[in-house]
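Engineer: Here it is, the structure in full.
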Amino acid sequence: MHEYSIAASLLRQAEEHAQKHAASRVVRLEICVGELAGVEVPLLETAWSLVRERSLCGDASLAVRRQPARWECGRCGEPVARGLALRCERCGAPARLVEGDELVLERIEMEVA
Amino acid sequence: MCDVCGCGDPNIVSEEIHERILSENDRIAGHNREHFARLGMLAINLMGSPGAGKTALLEATRRAAPELRLAAVSGDLATDNDAERLRRAGIPAQTITTGTACHLDASLVHHALHHAGEEPVDVFVIENVGNLVCPAIYDLGQRFNVVALSVTEGPDKPLKYPVMFRAADLVVLTKTDLLPHVPDVDPERIRAALARVMPEPRMLCVSATTGEGVAEWVRWLRNPSGFDHATERPSPDGWLGQADPSSPCETTRLATTGRGE
C-alpha cells in the first residue's frame, strides 16, 4: 500500500508550487494516473483526504484523469493489441508502451491574496 | 482580493505543471545512479514475493562465483535476517529497516549507501521488500530490475501483477528443483504469460538448491546487455529468440514431463 507515500509526495509538490506563488491555499489539483502506473485511484483518494489535513491543501479537491495503456510496435509503429503477446504482428519487433504509465501532477489551482 | 475589479473575491491562479509526482524520488535515484556509475558497480534492484528465493539466489550466486564481488542492502520490515544470511555467505550486506513501509525508495537506498563499505564491488544488489506491487514504481538508481518468481507461485503471476513484470528487465524463475511437485506449472506457460506483459520476456530458470541455471544467471550478471537469451550465452546482439531445448528451463520441463528421456 504505497498510495500514502504517493499522496505525501503530491502534497509536498503542491505546497512547493503554492509557496512559490505565495498562495494562501490550494483549491484543486489535477493529476493523471496511467493504467500501468501501479496506483489504485480509490486508495490514493483516501490517502489524499488524510495527508492534506492542516496544510495549504487542507480542502483541495483532487481530480484524477485515468489514462488507459496503449502499445505500439517499437520499430514500425503498428498498434499492438492488449491481451496477446506484446509483439508486432506485422514485423515481429517488441511493442513499446506509448501511454499508460503516467503518474503526473498536471495542474494546480490556488488562491492568491 | 480580485485583481480585475478589486471586488474582494478570491483570486484563483491556475498553473499547468506536468511534473511526475515521484519527481523528488527520481532526483535522488539519479544521484544514486551516478554513485553506482562512478564506482563502476552494476546495481540490480532485486524484487519478488516474500519467499520467492531472493536471498537464496544471492547465496547461490556467491557459491557459484566467489570471485564476483557482490555487496547488498536488504529491505526488511522488521528483521535483519536476510542481510545476516548474506553476510554469513560472505556477501557484505546491511539491512534497510522499512518498518511498515512495503517498498524501498531512492532516499532509503541513498542513506544506506552512506554506510556501505569502501571495498570495490562488481555487482551491488538492492534486495527489495518482498512484494509484487509497491516496489515496482520506485526508481532506486538501479541499472536493471530483476524479478525473482518461484515455481510454487503458479503460472499466472505475470498476468496478475503486470506493473511489476513490465518493469522487469529479467525474470529469474526460482526453485525449479520443485517443478516435479507442481505439475500444473510449466515454465513455458510462465514465459507465455510474461510475453503478454513484458515486450521482451527474458527469463532464466534457476535452482539455488541444486545449482542448476546458476551459471547462466552469473553470466547474465557479468554481461547483462550482451546476454543472448536464445542460447543463454553472452552474445553481441542480445536479441531474444525462441526457447532453446538445451536451456535449464527446457531440460527441467522435459525431464519433468518425461519427454526429455
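What follows draws every value from the coordinates through simple rules; no lab data is involved. Since the structure is predicted, the reported quantities are computational estimates derived from the model, not experimental observations. Note that each Cβ is placed from the backbone with ideal geometry, even for glycine, and that neighbours are counted across all protein chains shown.
Engineer: For chain A, set up a Gaussian network in which alpha carbons nearer than 10 Å are linked by springs, and say which option among A:Glu45, A:Glu89, A:Glu15 fluctuates the most.
Structural biologist: Checking each option, the largest mean-square fluctuation is seen for A:Glu89.
Engineer: At 222 nm, what value in deg cm²/dmol follows for the protein assembly as shown if DSSP H runs of at least 4 each add -39500 (n - 2.57) and the sum is divided by all its residues, to the nearest 500?
Structural biologist: -8500 deg cm²/dmol
Engineer: Next up: Which FRET efficiency value, to the nearest 0.05, is calculated for A:Met1 and B:Leu159 with the Förster distance at 22 angstrom and r the Cβ-Cβ distance?
Structural biologist: That pair, A:Met1 with B:Leu159, gives E of 0.55.
Engineer: Rank A:Cys76, A:Val26, A:Leu97 by how far each Cα sits towards the positive end of the charge dipole of chain A (+1 on Lys, Arg Cβ; -1 on Asp, Glu Cβ) and give me just the farthest.
Structural biologist: Value: A:Cys76.
Engineer: Dividing the convex hull volume of the alpha carbon atoms of chain A by its residue count, what do you get in Å³ per residue?
Structural biologist: 108 Å³
Engineer: Shifting gears a bit: Note down the nm distance, to one decimal, between modelled labels 7 Å out along Cα→Cβ at A:Glu40 and at B:Glu119.
Structural biologist: 4.2 nm
Engineer: Something else about it: Rounded to whole Å, give me the distance from the Cα center of the stretch B:66-86 to that of the stretch B:24-47.
Structural biologist: Each part's Cα centre sits 18 Å from the other's.
Engineer: Sequence gap at least 6, Cα distance under 8 Å: using those rules, report the relative contact order of the stretch B:29-131 to the nearest whole percent.
Structural biologist: 42 percent
Engineer: Excluding B:Thr55 itself, what net charge comes from residues whose Cβ is under 14 Å from its Cβ, given Lys and Arg +1 and Asp and Glu -1?
Structural biologist: +1
Engineer: Between the helical axis of A:3-20 and the dominant principal axis of chain A, each derived from Cα atoms, what acute angle in degrees is found, rounded to the nearest 10?
Structural biologist: 60 degrees
Engineer: Express in nm, to one decimal, how much length is gained between B:Thr209 and B:His181 on full extension, taking 0.36 nm for each residue of separation and deducting their alpha carbon distance.
Structural biologist: That pair, B:Thr209 and B:His181, stretches by 8.6 nm at full extension.
Engineer: Hey, another quick one. Using Cα atoms only, what is the angle between the long axis of helix B:23-38 and the major principal axis of chain B, expressed in degrees (0 to 90) to the nearest 10?
Structural biologist: Approximately 50 degrees, to the nearest 10.
Engineer: For the stretch B:12-57, just say rounded, prolate or oblate: build the C-alpha gyration tensor, square-root its eigenvalues into a ≥ b ≥ c, call rounded for a/c under 1.5, and beyond that prolate if a/b exceeds b/c, oblate if not.
Structural biologist: oblate
Engineer: Of the residues B:Ala71, B:Ala37, B:Ala208, which exhibits the maximal mean-square fluctuation in a Gaussian network model of chain B defined by a 10 Å Cα contact cut-off?
Structural biologist: B:Ala37
Engineer: Once you treat every alpha carbon in chain B as an equal point and sum by Debye, what is log10 I(q)/I(0) at q = 0.15, 0.16 Å⁻¹?
Structural biologist: -1.07, -1.22
Engineer: Evaluate the relative contact order of chain B (contact order divided by residue number), counting alpha-carbon pairs under 8 angstrom at least 6 apart; express in whole percent.
Structural biologist: 18 percent
Engineer: Quick one: if the Förster radius is 30 Å, what FRET efficiency do B:Ser23 and A:Arg75 give, using the C-beta to C-beta distance and rounding to 0.05?
Structural biologist: 0.45
Engineer: At a threshold of 8 angstrom on Cα-Cα distance, excluding pairs fewer than six apart, so keeping six or more, what relative contact order does chain A reach in percent?
Structural biologist: Once normalised by length, the contact order is 37 percent.
Engineer: Also: Which of B:His115, B:His103, A:Leu86 sits closest to the plus end of the dipole of the protein assembly as shown, meaning its Cα is farthest towards the positive end, when Lys and Arg get +1 and Asp and Glu get -1 on the C-beta?
Structural biologist: My answer, from the dipole projection, is A:Leu86.
Engineer: Taking the protein assembly as shown, how many lysine pairs are there with alpha carbons less than 23 Å apart, if each pair must be eight or more places apart or span two chains?
Structural biologist: Qualifying lysine pairs in the protein assembly as shown: 5.
Engineer: Let's see if you can work this out: charge +1 on each Lys and Arg Cβ, -1 on each Asp and Glu Cβ, no other charges. What is the dipole magnitude of chain B about its Cα centre, in debye to the nearest 20?
Structural biologist: Its charge dipole is roughly 740 debye.
Engineer: GNM on chain B, C-alpha springs below 10 Å: top fluctuator among B:His115, B:His103, B:His35?
Structural biologist: Of B:His115, B:His103, B:His35, the Gaussian network model singles out B:His115 as fluctuating most.
Engineer: On to the next question. Computed FRET efficiency, Cβ-Cβ of B:Ala192 and B:Val218, R0 30 Å: what is it to the nearest 0.05?
Structural biologist: Efficiency, rounded to the nearest 0.05: 0.70.
Engineer: Quick one: check the C-alpha center-to-center distance for the stretch A:20-68 versus the stretch B:191-235, whole angstrom.
Structural biologist: Answer, in whole Å: 40.
Engineer: With only alpha-carbon atoms in the gyration tensor, what are the semi-axes of the equivalent ellipsoid for the protein assembly as shown, in Å, largest first?
Structural biologist: 42, 25, 18
Engineer: Might you report the magnitude of the Cβ-based charge dipole of the stretch B:73-220 about its Cα centre, with Lys and Arg at +1 and Asp and Glu at -1, to the nearest 20 debye?
Structural biologist: In debye, rounded to 20, the stretch B:73-220 gives about 320.
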